[in-house]
1. Would you tell me the mean number of C-beta atoms belonging to other protein chains that fall within 10 Å of each C-beta in A:94-104, as a whole number?
2. Starting from a label point 7 Å past Cα on the Cβ side, list the distances from residue A:107 to the same position in the other copies, nm, shortest first.
3. Calculate how many DSSP beta bridges within the protein assembly as shown are antiparallel, expressed in % of all such bridges and rounded to the nearest 5.
4. Quick one, can you get me the convex hull of the C-alpha atoms of the range B:13-157 expressed as volume per residue in Å³?
5. In the neighborhood of residue A:152, defined by Cβ-to-Cβ distances under 11 Å, what is the net charge if each Lys or Arg adds +1 and each Asp or Glu adds -1?
6. Assign one of three labels to the range A:25-71, namely rounded, prolate or oblate, based on the Cα gyration tensor with a ≥ b ≥ c the square roots of its eigenvalues; rounded applies when a/c is under 1.5, prolate when it is not and a/b is larger than b/c, and oblate otherwise.
7. Take every residue in peptide B:142-151, count the Cβ atoms of other chains within 10 Å of its Cβ, and give the average of those counts.
8. Between copies, how far does the label point of residue A:127 sit from its twins, in nm, shortest first, when each point is 7 Å from Cα along Cα→Cβ?
2 protein chains.
Amino acid sequence: MTINIRPMVVNDKPALMRILRNTPEFKPFEVVVAGELIDDYLENPASDYFHLIAESGSDLLGYICYGPTPLTDGTWDVYWMAVDHNRQGQGIGGRLLEAAEAKMVDAEARLIIIETSTTPSYEKTQRFYLSHNYEIIATIPDFYAPGDGKLILQKRF
Amino acid sequence: MTINIRPMVVNDKPALMRILRNTPEFKPFEVVVAGELIDDYLENPASDYFHLIAESGSDLLGYICYGPTPLTDGTWDVYWMAVDHNRQGQGIGGRLLEAAEAKMVDAEARLIIIETSTTPSYEKTQRFYLSHNYEIIATIPDFYAPGDGKLILQKRF
């Protein structure tokens, strides 16, 4: 399978929303917020929410959303990433993350921050980022909800 | 001095912007962002950025901005607080913080988060929150800029 990474365009949105809705870790209101960031990127030329997609032929496989962290100089955030539920474990997430990292470093990122959940359903996500040389810098128990804490990971350049 | 705490109204804005501009810890772009949150609150009835002001007679002494943390259930943030540079050390910040905490607890806050800077110019701010029973839960070095880390404080209810 040849994976191609490119900036998102308007026509990608329906397939991406299907991927988001079929991602069991995402709550419905999280899918709404992810959709709002996609719209901001597609409609606002000055958007600070950059989106890359992964495709193979005409199949959309996943996407990543990242951008500069407000009020910082050189810190960037990976806000969302999703890979088609049926195409996981094929290196698509890694390709998306590496492409986004290259763009951020080109834009003089010193520090990349990823915030995720401490719940067991996100263990695979945590392992993914640790395997890509992110390290846990903080944990805030019960941040998202009782029993659902925030894990903050970082990678420095 | 009798300190009165009340919700912000449109006529408060010019005096608040003067206080923000005269606060030496705030960088110009931070004053711009604080002003945008004030405008959101004054112009948007559904704003999630609540603002309280402290006054004595007709003197505006300071303000606090707080709101529910997006994507969380029961976590709230204190986003900004400023007290007139000439009226510090008179308990105004404490009155603002206690009033905001009472409002947040009424709204079923479980957890209040405050993010501030690790730089020496914010040592007084750190001591203020520690004295109000906030505790440091995380530090992210170089988050805002090289040498300017983020300190995350929490208080649980």
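1. 0
2. Counterpart label points of residue A:107 in the remaining copies fall at 3.0 nm.
3. Details: 62 of 70 bridges.
Around 90 percent antiparallel, to the nearest 5.
4. That works out to 120 Å³ per residue.
5. -1
6. Since a/c reaches 1.5 but b/c is at least a/b, the shape of the range A:25-71 is classed as oblate.
7. Averaged over the peptide's residues, the number is 5.
8. Inter-copy label distances (nm, one decimal, shortest first): 4.9.
All of the numbers you see were taken from the coordinates with simple rules; none came from a lab. Please read these numbers as outputs of a predicted model, since none were measured by experiment. Ideal geometry is used to build each Cβ from the backbone, glycine not excepted, and the neighbour counts take in all protein chains shown.
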